[in-house]
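Please treat every number below as a calculation from the coordinates, not as lab data. Keep in mind that this is a model prediction, so the values were computed, not measured. Cβ atoms come from the backbone with ideal geometry, glycine included; neighbour counts cover every protein chain shown.
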Amino acid sequence: MQKEQVFGKYYEGHKVIAGRAAFLSVATCLLENSQICRDYEEQKKFLEMFSRQELEHKSLFDAFIYFILGDLIKDYKEKIKKANYTKAWKLTQSLIDTVNTCQKKTRRFFRGNHGKSGKSKKTN
């Protein structure tokens, strides 16, 4: 199943980053004598070859940050409002469908169990 089928027009585009290189470019919590020493050593090797800024650029992390700070949050209030209206519209449509289904079932029930002969029986 394609993501467009699942998410519809509300899911547009994608961003690619090299996560490991991005992590190593910005991580400041790695300690030499810790359980995650492997990460420290790997970061050290990367930083011997590239500066933090070069790693951010090569991993496309800087472009991702620009996207987050620029395009994604631009007009965020309008985007939230539109998303909420869309959710409310879909919920309303679902509710209308449910009510219609209940009405049809109710009509079938009463037609099937009552009024077949059109006359009611009297009891003495």
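Brief remarks follow.
- Among the listed pairs Lys15/Lys87; Lys82/Lys104; Lys58/Lys87; Lys79/Lys104; Lys15/Lys77; Lys15/Lys82, those beyond 28 Å (Cα-Cα): Lys82/Lys104; Lys58/Lys87; Lys79/Lys104
- Net +/- balance of residues flanking Lys44 in space, Cβ distance below 13 Å, scoring K and R +1, D and E -1: -2
- Pairwise label distance in nanometres, Lys44 with Ile73, each label 7 Å out on the Cα-Cβ vector: 3.6 nm
- Extension gain (nm, one decimal) between Tyr85 and Asn33, 0.36 nm per residue minus Cα-Cα: 13.5 nm
- Scoring 61-73, 79-91 by mean Cβ neighbours within 10 Å over their residues and listing the highest first yields 61-73, 79-91.
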